[in-house]
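Colleague: Handing you this structure, nothing more for now.
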Amino acid sequence: MSADLPIYLDYAATTPLDPRVAEAMIECLQDRALQGNPSSMGHAYGRLARARIEQARAQVAAAIGARPECIVWTSGATESNNLALFGAARFNADRGRHIVSSRTEHKAVLDPLKQLEREGFSVTYLKPNADGIVTPEQVQEALRPDTQLVSLMHVNNEIGVIQDIGAVGRICREKGILFHVDAAQSIGKVPVDVEEMCIDLLSVTAHKSYGPKGIGALYIRRTPPVGLRPLLFGGGQELGLRSGTLPTPQIVGMGLAFEIAERERAADVARITRLRERLWAGLSTLDGVELNGHPERRVCSVLNVSFHGVEGESLLYALGNIAVSAGSACASASETPSYVLRALGRSDEVAQSSLRFSLGRFTTEEEIDAAIAVVRREVERLRALAPAGRAE
Ligand SMILES: *Cc1c(COP(=O)(O)O)cnc(C)c1O
């Protein structure tokens, strides 16, 4: 990485492309034989592109324990969530208009749910405990005779907490209620098995797992089949569920990224966990520092920390040579404190004094040590500047 670029500790917002993925995509972009329309099965150009797409479909399916025919390509987890939620809710509206979800979901789930409320659906947003956990019992208790869908994320993008998806899945399966999971943050970090976890709909995206931006997938259970109302109409690609010409290089990149993520998961998790522990050891000896999210049920890569008495945005600015986020990438553009930390019961002030450090495949020990030194120096400097009484 170029010397004047900041240290990248924002992997939960997006990951850099793995060089092996970049190489496969470049090869695909440059190969004239792969530039046909994958829907043009009448000639070799189309069929060659189609073969690569089906290979990638099998790679993505294998990473989540699914059969390839259950995978539908989308533009990313935002679109997958929209297709799953609108698609299922509208298709099954006559079975019931109640949906159960949680307050700490990504905006790409919360905003479609808000829209469904405007369309006459009612949504229960479960409140997690102070550690960010939503219990299977809470889900069970929220179910009503008219509940048709439960949507719960696997790994939280702001605090890294892992929900007990399998237990919730079994409850839903037993009651015949559809279960959607946003697993955008999971692939390569936490095992995902749609069969074992009784998942009907699962959203994934390439760019959180070292693949390209702008490509994702929705897993749709086929036995028994889950009915969905499409969002896009047109050429009828992807069994009519998602019309539009498929982007062969993006799809090839996602397939390889998911294959690598799954194959190297154990080694990646072990190395990243050690680095996260090193970072926490370096930060937690500062006064007034608090870890957000469950201490054990968490992904290896995320450390969300409150620095009491320090304004998060000021700290973010002071940490010019470290690329981190205050809250999620999407929420930090606005001034409001993180709704995820607020849902955990943190005050506005504490939520506003929090930063998310997220590590990944390319993070080094040197980067962690440099980050610790800068954060310690800047937190102490900002606290010394703070008006008396605000420092604690
Ligand atoms: C990043 C993310 C999304 C959105 O994914 P895109 O592919 O960027 O649309 C949705 N949910 C979670 C949990 C995420 O982390």
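The values are calculated or read from the model by the stated rules, or taken from the named source; none is laboratory data. Just so it is clear, the structure is predicted and the values come from calculations on it, not from any experiment. Note: ideal-geometry Cβ built from the backbone for every residue, glycine included; neighbour counts use all protein chains shown.
Colleague: All but one of (1) more than 30 Å from Phe121 (Cβ to Cβ); (2) at pLDDT 95 or above; (3) out of contact with any Leu (no Cβ under 9 Å at 6 or more places or on another chain) hold for Ala3; which doesn't?
Modeller: Ala3 satisfies every listed condition except (2).
Colleague: On to the next question. What's the number of the only condition in (1) assigned to a helix (DSSP H, G or I); (2) over 19 Å from Val21 (Cβ atoms) that Ala58 fails to meet?
Modeller: Condition (2) is where Ala58 drops out.
Colleague: Considering only the stretch 142-162, state which residues are assigned to a loop (DSSP other than H, G, I, E, B), hydrophobic (A, V, I, L, M, F, W, C) and surrounded by 18 or more Cβ atoms within 10 Å (Cβ to Cβ).
Modeller: Selection gives Ile159 alone.
Colleague: Which condition number in (1) more than 25 Å from Val340 (Cβ to Cβ); (2) touching a residue at least 40 places away in the same chain (Cβ under 8 Å); (3) touching a helix residue (DSSP H, G or I) at 6+ places or on another chain (Cβ under 9 Å) is the one that Asn92 fails?
Modeller: Evaluating Asn92 over (1) more than 25 Å from Val340 (Cβ to Cβ); (2) touching a residue at least 40 places away in the same chain (Cβ under 8 Å); (3) touching a helix residue (DSSP H, G or I) at 6+ places or on another chain (Cβ under 9 Å) leaves (3) as the failure.
Colleague: OK, next. Of the conditions (1) within 15 Å of the ligand (Cβ to nearest atom); (2) farther than 30 Å from Ser325 by Cα, Pro128 satisfies every one except a single condition; which number is it?
Modeller: (2)
Colleague: Does Asp146 meet the test of being touching a strand residue (DSSP E or B) at 6+ places or on another chain (Cβ under 8 Å), in the same structural domain as Leu239 (by TED's automatic domain parsing) and charged (D, E, K, R)?
Modeller: Here the answer is yes, as Asp146 does meet what is asked.
Colleague: Any residue in the stretch 32-46 that is in the same structural domain as Gly244 (by TED's automatic domain parsing) sitting within a Cβ distance under 6 Å of a residue that is of a type in the set (A, V, I, L, M)? List the pairs, counting only those 6 or more apart or interchain.
Modeller: What qualifies is Ala33/Leu48; Leu34/Leu48; Leu34/Ala49; Gly36/Ala49; Pro38/Ala49; Pro38/Ile53; Pro38/Leu246.
Colleague: Now for a separate question. When you look at Arg342, is it part of a loop (DSSP other than H, G, I, E, B), more than 18 Å from the chain's Cα centre (by Cα) and basic (Lys, Arg), yes or no?
Modeller: Considered against the rule, which asks whether it is part of a loop (DSSP other than H, G, I, E, B), more than 18 Å from the chain's Cα centre (by Cα) and basic (Lys, Arg), Arg342 comes out as no.
Colleague: Turning to a different aspect of this structure: Checking Cys172 against (1) surrounded by 24 or more Cβ atoms within 10 Å (Cβ to Cβ); (2) outside any strand (DSSP E or B); (3) within 16 Å of the ligand (Cβ to nearest atom): exactly one of these is not met. Which one?
Modeller: Of (1) surrounded by 24 or more Cβ atoms within 10 Å (Cβ to Cβ); (2) outside any strand (DSSP E or B); (3) within 16 Å of the ligand (Cβ to nearest atom), only one is false for Cys172: (3).
Colleague: Another question, if that's okay. Taking Ser338 as the residue in question, decide whether it is within 16 Å of the ligand (Cβ to nearest atom), of a type in the set (Ser, Thr, Tyr) and modelled with pLDDT under 95.
Modeller: Judged against the criteria, Ser338 is a match.
Colleague: Quick test for you: out of Val194, Val181, Val190, Val155, pick the one residue that is more than 16 Å from the ligand (Cβ to nearest atom), in the same structural domain as Glu54 (by TED's automatic domain parsing) and among the aliphatic types (A, V, I, L, M).
Modeller: Val194
Colleague: Additional query: Just to be sure, is Thr135 more than 21 Å from the chain's Cα centre (by Cα), polar (S, T, N, Q) and under 24 Å from Asp164 (Cα atoms)?
Modeller: Spelling it out, it is not the case that Thr135 is more than 21 Å from the chain's Cα centre (by Cα), polar (S, T, N, Q) and under 24 Å from Asp164 (Cα atoms).
Colleague: Also, quick follow-up: Quick check on this structure: which one of Gly288, Gly312, Gly345, Gly320 is touching a His at 6+ places or on another chain (Cβ under 6 Å) and outside the structural domain of Ser101 (by TED's automatic domain parsing)?
Modeller: Of Gly288, Gly312, Gly345, Gly320, the one residue that is touching a His at 6+ places or on another chain (Cβ under 6 Å) and outside the structural domain of Ser101 (by TED's automatic domain parsing) is Gly288.
Colleague: Scan the stretch 55-76 for residues that are within 16 Å of the ligand (Cβ to nearest atom) and touching a Lys or Arg at 6+ places or on another chain (Cβ under 8 Å) and report the count.
Modeller: Number of matching residues: 5.
Colleague: Has the stretch 352-367 got at least one residue that is among the small types (Gly, Ala, Ser), under 22 Å from Lys208 (Cβ atoms) and modelled with pLDDT under 95?
Modeller: Taking every residue of the stretch 352-367 in turn, at least one turns out to be among the small types (Gly, Ala, Ser), under 22 Å from Lys208 (Cβ atoms) and modelled with pLDDT under 95.
Colleague: Right, next: Does Val139 satisfy the condition of being closer than 29 Å to Ala266 by Cα, buried (at least 19 other Cβ atoms within 10 Å of the Cβ) and not assigned by TED's automatic domain parsing to the domain that holds Ser338?
Modeller: No: the conditions fail for Val139.
Colleague: Within the stretch 1-11, how many residues turn out to be without any contact (Cβ under 8 Å) to a residue 60 or more places away in the chain and either within 16 Å of the ligand (Cβ to nearest atom) or of a type outside the set (A, V, I, L, M) (or both)?
Modeller: Here the count works out to 2.
Colleague: When the stretch 12-54 is examined, which residues are found to be in a helix (DSSP H, G or I) and within 16 Å of the ligand (Cβ to nearest atom)?
Modeller: If the condition is that a residue be in a helix (DSSP H, G or I) and within 16 Å of the ligand (Cβ to nearest atom), then Val21 is the only one that fits.
Colleague: Within the stretch 6-33, work out how many residues are under 20 Å from Ile71 (Cβ atoms) and in contact with a Leu (Cβ under 7 Å, 6 or more places away or on another chain).
Modeller: The number of residues fulfilling the criteria is 3.
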